[in-house]
Amino acid sequence: MSEPQTTTAVRELKDVYGRRYRVGESDLDLLGRPRSWMLWLSGAAMFAAGLQQYGFGAIAPVLTSAHGWTFTEVVVSLAVWAVAQASVVFPAAWLRDRGRLSPSFAVVLGGILCAIGLVTLGHASSLAVVFVGYSLLGGIGTGLVYGTCVGAVMRWFPDHTATRVGAVSGAFAYGSVPFVLVAGFGLSVGNRDVLLDVTAALVLVVVVGAGALLRYPPRNWWPVGAPDPREWARDKVRNRTVSVNRPAVRHYRPAELLRCGTTLALYGTVGLAAAVLLFDLAYLATFVAEQGGGTGLAAIALAVLAGVTGTGRVLLGWLSDRVGRRRILQLALVAGGIGQFVLFYSGEHRHAFGLVLGAALAGLGNGCCYTLLTGLVREYFGEESALQNFGVLYSAKAVGALLGIGLAALVVTAHGYFGAFAAAGLFSLAAAVLTGRLTQPGRPKSLLPAR
């Protein structure tokens, strides 16, 4: 392939909101191929990397049987994994913005660590090994892949961010569906090592292969062939999101972000939504099986949860451009809260259709916040530090892991599954209430003079 050549003079523009745009370079100039390649590469890496989170519920029962570990001990490893995964996104973004961590290296390293995490689950006979190999190394690897791929899509598609991020973020969830079904119907103590080794090899090949080709465009890049960015910023006909998702008043650095009142409400929203999603991923399959639904129905419920979480992110990203991100997030969280009560009732009474419906509501509701978060971060806190600011707020998932998995273990032990599902439902509804309190920092609530 010939070296890409820039054919147009590069210049910088600024719109009415103070946002900068680098124009004059096409994707072909920068890559030698269309930018859609970066979308597909990011999607492929996310498709493979998300299996450690969304497939864990199908693996957990086998781990408890293999070595006599308690279910609580096993699911705590998922909580530590989520803490590690969420905590690495901000420092990785900080290093990338300073040129100290290339996107390609981050994803390749992440793919190697993801494979180590899966191999650990297949062979470990000690909980300490599980916590090191799966929870820490696997979690860090997944965080590197997740943050880098979401960032790549945000950079390459500034004109269609919500829908493209929704597609890639969705792949992180629905990519696990084939594995969940295979594991739910066929994973056993006897074949655990073989199945997870094969899965790890596939994940390694896909993620490392995608990472080797992944690139970021220059900062503030705007695609050639798209509308003039200054017109796009205020054209409510072609860019329908402008009228319902107003751009940020100014750009906030991470240190400034932490001083905004909106940050606390948004952090709480993400943390509570994450707690509910992780609770469902950790406990749903075991709950269904213990209620007499069998491993098959448990696998189907978990697959629906992951599948709808993924496809729902695409749908809600599209809707948020037309209805408004805050409104869509609030409605989704209400649906997710209702889903928790539907799940408990249907599981206890072995209603297959109700379980599928509850899993769909839960996936659509509590899994959507990460996709909408990318847009909210840009529209509340500006473009200049968007990836770092996303990393700061994404770290709320670590708090959610402690609530949704750690605290849930205590609730299940003391009050049974009803107490845990009821708490999860209330968490989701509380997140919906917090969403109603979100306001853009620096924007007056009313432009009319007080009377």
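The values are calculated or read from the model by the stated rules, or taken from the named source; none is laboratory data. This structure is a prediction, so every number in the text was calculated from the model and none was measured. Because the Cβ atoms are built from the backbone with ideal geometry, glycine has one as well, and the counts that use them run over all protein chains shown.
Hey, could you check region 286-297 for residues that are within 19 Å of Gly404 (Cβ to Cβ) and modelled with pLDDT under 90 and say which is farthest from the chain's Cα centre (by Cα)?
So in region 286-297, the residues within 19 Å of Gly404 (Cβ to Cβ) come out as 286-288, 290.
Next cut, modelled with pLDDT under 90 only: 286, 290.
Working: Thr286: 23, Glu290: 29 Å.
Out of the qualifying residues, it is Glu290.
Between a residue in region 263-288 that is touching a residue at least 40 places away in the same chain (Cβ under 8 Å) and any residue that is among the β-branched types (Val, Ile, Thr), which pairs come within a Cβ distance under 6 Å, given they are 6 or more apart or on different chains?
Thr269/Thr435; Gly271/Val399; Leu278/Ile405; Ala282/Val75; Ala282/Ile405
Applying the selection to region 301-324, what residues are assigned to a helix (DSSP H, G or I) and out of contact with any helix residue (DSSP H, G or I) (no Cβ under 7 Å at 6 or more places or on another chain)?
Of the residues in region 301-324, the ones assigned to a helix (DSSP H, G or I) are 301-323.
Residues satisfying the conditions are Leu315, Val323.
Those residues that are at pLDDT 90 or above, more than 30 Å from Tyr380 (Cα to Cα) and not aliphatic (A, V, I, L, M), I need them from region 8-33; list them, please.
Asp29, Gly32, Arg33
Taking interchain pairs and intrachain pairs at least six residues apart, which have beta carbon atoms under 8 angstrom, with the first residue in region 91-108 and free of Cβ contacts under 8 Å to residues at least 24 places away in the same chain and surrounded by 15 or more Cβ atoms within 10 Å (Cβ to Cβ) and the second assigned to a helix (DSSP H, G or I) and of a type in the set (A, V, I, L, M)?
Leu101/Ala92; Leu101/Leu95
Condition test on Thr295, is it farther than 15 Å from Gly358 by Cα, touching a Pro at 6+ places or on another chain (Cβ under 7 Å) and either assigned to a helix (DSSP H, G or I) or of a type in the set (Phe, Trp, Tyr) (or both)? I'd like the intermediate steps shown before the answer.
Values: farther than 15 Å from Gly358 by Cα: yes; touching a Pro at 6+ places or on another chain (Cβ under 7 Å): no; either assigned to a helix (DSSP H, G or I) or of a type in the set (Phe, Trp, Tyr) (or both): yes.
Judged against the criteria, Thr295 is not a match.
Regarding region 424-431, can at least one residue be identified that is of a type in the set (Phe, Trp, Tyr) and surrounded by 24 or more Cβ atoms within 10 Å (Cβ to Cβ)? Give the steps one after another, and end with the answer.
Step one: filter region 424-431 for residues of a type in the set (Phe, Trp, Tyr), giving 427.
Within this subset, residues satisfying the condition of being surrounded by 24 or more Cβ atoms within 10 Å (Cβ to Cβ) are 427.
Yes, region 424-431 contains at least one residue that is of a type in the set (Phe, Trp, Tyr) and surrounded by 24 or more Cβ atoms within 10 Å (Cβ to Cβ).
Among the listed residues Ala248, Ala210, Ala226, Ala233, identify the single one that is under 21 Å from Met46 (Cβ atoms) and either in contact with a Leu (Cβ under 6 Å, 6 or more places away or on another chain) or at pLDDT below 90 (or both). Break it down stepwise before answering.
Details: Ala248 fails: under 21 Å from Met46 (Cβ atoms); Ala226 fails: under 21 Å from Met46 (Cβ atoms); Ala233 fails: under 21 Å from Met46 (Cβ atoms).
Among Ala248, Ala210, Ala226, Ala233, only Ala210 is under 21 Å from Met46 (Cβ atoms) and either in contact with a Leu (Cβ under 6 Å, 6 or more places away or on another chain) or at pLDDT below 90 (or both).
Pick out the one residue from Glu383, Glu379 that is in contact with a His (Cβ under 7 Å, 6 or more places away or on another chain) and touching a residue at least 24 places away in the same chain (Cβ under 8 Å). Walk me through it before giving the result.
On the way: Glu379 fails: in contact with a His (Cβ under 7 Å, 6 or more places away or on another chain).
Checking each option against the conditions leaves just Glu383.
Which count do you get for residues in region 339-373 that are over 17 Å from the mean Cα position of the chain (by Cα) and either closer than 26 Å to Thr263 by Cα or not in a helix (DSSP H, G or I) (or both)?
Going through region 339-373 one residue at a time, the tally reaches 3.
Have a look at Glu12, Glu25 and point out the one that is part of a strand (DSSP E or B) and charged (D, E, K, R).
Details: Glu25 fails: part of a strand (DSSP E or B).
That would be Glu12, the only listed residue that is part of a strand (DSSP E or B) and charged (D, E, K, R).
Please find, within region 257-268, the residue that is farthest from the chain's Cα centre (by Cα) out of those that are farther than 9 Å from Leu393 by Cβ and in a helix (DSSP H, G or I). Break it down stepwise before answering.
Filtering region 257-268 down to residues farther than 9 Å from Leu393 by Cβ leaves 258-262, 264-265, 268.
Then keep just the ones that are in a helix (DSSP H, G or I); that gives 261-262, 264-265, 268.
Working: Gly261: 24, Thr262: 21, Leu264: 19, Ala265: 19, Gly268: 16 Å.
In this case the residue turns out to be Gly261.
With respect to the numbered conditions (1) more than 25 Å from Ala106 (Cα to Cα); (2) touching an Asp or Glu at 6+ places or on another chain (Cβ under 7 Å), which one is the sole condition not fulfilled by Pro223?
Unmet condition: (1).
Taking helices (runs of 4 or more DSSP H) that do not extend beyond region 83-179, which have at least 3 residues that are of a type in the set (Val, Ile, Thr)?
Working: elements: 89-97, 103-123, 127-130, 139-156, 161-174.
Here the list reads 103-123, 139-156, 161-174.
Which condition breaks for Glu384 when tested against (1) in a helix (DSSP H, G or I); (2) more than 18 Å from Ala431 (Cβ to Cβ); (3) out of contact with any Gly (no Cβ under 9 Å at 6 or more places or on another chain)?
(1)
Count, please, the residues in region 264-303 that happen to be of a type in the set (A, V, I, L, M, F, W, C) and more than 23 Å from Leu373 (Cβ to Cβ). If you could, list the steps in order and put the result at the bottom.
Initially, region 264-303 is screened for residues of a type in the set (A, V, I, L, M, F, W, C), giving 264-266, 270, 272-279, 281-282, 284-285, 287-289, 297-303.
Pick out the ones that are also more than 23 Å from Leu373 (Cβ to Cβ) and you get 284-285, 287-289, 297-303.
Counting residues in region 264-303 that are of a type in the set (A, V, I, L, M, F, W, C) and more than 23 Å from Leu373 (Cβ to Cβ) gives 12.
Which pairs do you get when a residue that is without any contact (Cβ under 8 Å) to a residue 60 or more places away in the chain and more than 20 Å from Gly419 (Cβ to Cβ), found in region 342-358, comes within reach of a residue that is surrounded by 15 or more Cβ atoms within 10 Å (Cβ to Cβ) and among the β-branched types (Val, Ile, Thr), reach meaning Cβ atoms under 8 angstrom, with the pair 6+ apart or on two chains?
Within 8 Å, the pairs are Ala352/Ile300; Val356/Ile300; Val356/Val304; Leu357/Val342.
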